[in-house]
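Bear in mind these aren't lab numbers, they're just calculated from the coordinates by the rules spelled out. Here the structure is a predicted model, which is why all the values come from computation and not from measurement. All Cβ positions, even for glycine, are placed from backbone atoms using ideal geometry, and neighbour counts span all protein chains on display.
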Amino acid sequence: MNILVINCGSSSLKFQIVQTDLELIEKNADKQLAKGLIERIGSQALVSYKAEGQSAFKTTAPIRDHKAAISHIIQWITSDESQIPGIKSLEDIHAVGHRTVHGGETFSQSVRIDNDVIKCLEDNIDLAPLHNPANIKGIRAAREVFGPSIPQVGIFDTSFHQTMPEENYLYAIPYQYYRRYKIRKYGFHGTSHRYVSYRYSVLENIPKDKTNIITLHLGNGASACAIKGGKSIDTSMGFTPLEGLIMGTRCGDIDPSIVEFISHKEASSMDEVFNMLNKRSGIMGISGLTNDMRDLLEEEAEHQDRRAILAVKMFSARIKKYIGAYLSAMNGADAICFTGGIGENAVEIRQRVCEGLDWFGIEIDNKKNAATVGGKEGIISKKDGKVKVYVIPTNEELIMARDTCRVVMNAPLS
Ligand code: ADP
């Protein structure tokens, strides 16, 4: 089957085409055929497409909305120019998988999208006002372009964390707020944590129920996940993606009283304060320089900027704190797995995070750490270390394509 996986933002659309079926999944032999990105939908859009083994194709085009973006993609993938093997017309795409940010408590796994599912997503808009509307737009657009005969599947960022026990997902506020408004920890980046957990079990050749690890997805957004027996039992993001680790521009954990205090002192509205916590905090807020870890590390190395150094220290220290908490929640773990742009590339951050954790049996081999960058996968801990440390480049699209295939084939989801 050729599966188109789509990830819609408010003005962007990322896609991949993956060839997969139940046999290819079993053999771990699925193939990525093409990928691409359309940015600035709604005006003169920036388009970049790449078929496997071909050079990238870049252009600009007036793209009005998500439907026009999907039509643009279809035009390219079915053209002679793209040279994607086996794809000549719309009928050569057999199913579409949509990344969907918030499934609330309704979706604990990927589902075939029908009108009822769209209605549930609309009901969950309250929980993810920034993301779900864009996802719904993408789903409606794909349904219009492909018609009703091509199945569409929703894959939720939250569903992997639906296995958390209630003592971990509830907040200690009056219980009625959970009952009335479903205020609880949902967690995000679920598809990435799930991929890393699956991939670790493949690399270690162990079954899912023996997978006891801590995964660290460190990108612009960042989250940690405690995975016991292959299931998420706790994660650092919460009701929204604002909680937990320090991120590019998000503050992570803070005392909620700060919100009221700043609002009062600066005569700012709640919206203004939350905008600051989401968009001007994190490593950006501390360093006052950048939200980008690569730039921050360069600044730290070249100019010894005090606040750049502080931001790096705080970012790493918060991750350590979560590792400690999860090791105790899980009664120990077999591995710590780094992923995401920072987790896959930032040697210094990995080193700082693991520094001083030798008491737990976590020790990094500096040579291996330095060599495992740029999409490389591997172990970076010392030989015979009690807890292995892995770098596992994430591949959310693979999980999305496989789930889409399994849902369409009525096969059990892993
Ligand atoms: P997103 O959450 O937007 O998907 P990514 O997973 O792509 O983010 O991660 C982006 C982050 O990864 C940025 O902070 C970027 O600076 C960082 N990053 C990418 N490459 C490197 C590198 N070589 N060294 C340090 N940080 C890096």
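Some observations on this one:
- Eligible aspartates and glutamates near residue 88 by straight Cα distance, threshold 17 Å, same-chain separation 8 or greater: 52, 80
- If both residues of a DSSP beta bridge must be in the chain, then about 70% of such bridges are antiparallel.
- Length gained on full extension, residue 75 to residue 119, computed as 0.36 nm times the residue gap minus the Cα-Cα distance: 12.9 nm.
- Cα→Cβ-extended label distance, 7 Å offset, between residue 304 and residue 274, nm: 4.3 nm
- In Å, descending, principal axis extents of the Cα set of segment 6-149: 42, 42, 24
- Seen from every direction in turn and averaged, the convex hull around the alpha carbons of segment 196-280 projects onto 6.0 nm².
- Our coupling estimate for segment 36-49, obtained by passing each phi through the Karplus curve with A = 6.51, B = -1.76, C = 1.60 and θ = phi - 60°, is x, 8, 10, 10, 6, 5, x, 9, 6, 7, 9, 10, 9, 10 Hz, Gly and Pro reported as x.
- Antiparallel bridges, percent of DSSP beta bridges restricted to segment 205-352 (to nearest 5): 65 percent
- Environment charge of residue 285, counting only residues whose C-beta is closer than 12 Å and scoring Lys/Arg +1, Asp/Glu -1: +4
- Placing pseudo-labels 7 Å out from each Cα toward the beta carbon at residue 410 and residue 173 gives an inter-label distance of 4.3 nm.
- Shape index of segment 99-254: Rg/Rh, with Rg the Cα radius of gyration and Rh the Kirkwood radius from the inverse mean 1/r over Cα pairs, equals 0.99.
- Stokes-Einstein translational diffusion, segment 249-291 - Kirkwood Rh over all Cα pairs, 0.890 mPa s, 25 °C, in µm²/s: 234 µm²/s
- Cross-link reach list, lysines versus residue 382, counting only Cα pairs under 21 Å and skipping chain neighbours closer than eight places: 320, 367, 368
- Convex hull volume of segment 111-160 per residue (C-alpha atoms, cubic angstrom): 70 Å³
- Counting charges near residue 308 (Lys, Arg +1; Asp, Glu -1) among other residues having Cβ under 15 Å from its Cβ returns a value of -3.
- The relative contact order of segment 265-355, computed from alpha carbon pairs under 8 Å that lie at least 6 residues apart in sequence, is 21 percent.
- Residue with peak Gaussian network fluctuation, the chain [Cα springs, cutoff 10 Å], from 177, 200, 186: 177
- Once exposed loop trypsin sites (Lys or Arg not before Pro) are cut out (DSSP; at most 14 other Cβ, 10 Å), longest piece of the chain: 89-279
- With a Cα cut-off of under 17 Å and a minimum spacing of 8 residues unless on different chains, the lysine pairs in segment 165-297 number 5.
- Distance from the C-alpha centroid of segment 230-282 to that of segment 158-207: 19 Å, rounded to the whole angstrom.
- Counted charge near residue 15, where neighbours are those whose Cβ lies closer than 12 Å (Asp, Glu -1; Lys, Arg +1): +3
- Of the GluC sites (Glu not before Pro) in segment 87-176, those whose Cβ has at most 15 other Cβ within 10 Å and which sit in DSSP loop: 105
- Dimensionless Rg ratio for the chain, taking C-alpha atoms and the 2.2 N^0.38 Å reference: 0.99
- Here the gap between residue 23 and residue 108, fully extended at 0.36 nm per residue and compared with their Cα-Cα distance, gives a gain of 28.1 nm.
- D (Stokes-Einstein, µm²/s), Kirkwood Cα radius, segment 287-414, 0.890 mPa s at 25 °C: 150 µm²/s
- Considering all C-alpha pairs of segment 323-390, those separated by over 16 Å amount to 40%.
- For 394, 106, order by how many other beta-carbon atoms lie within 10 Å, fewest first: 106, 394
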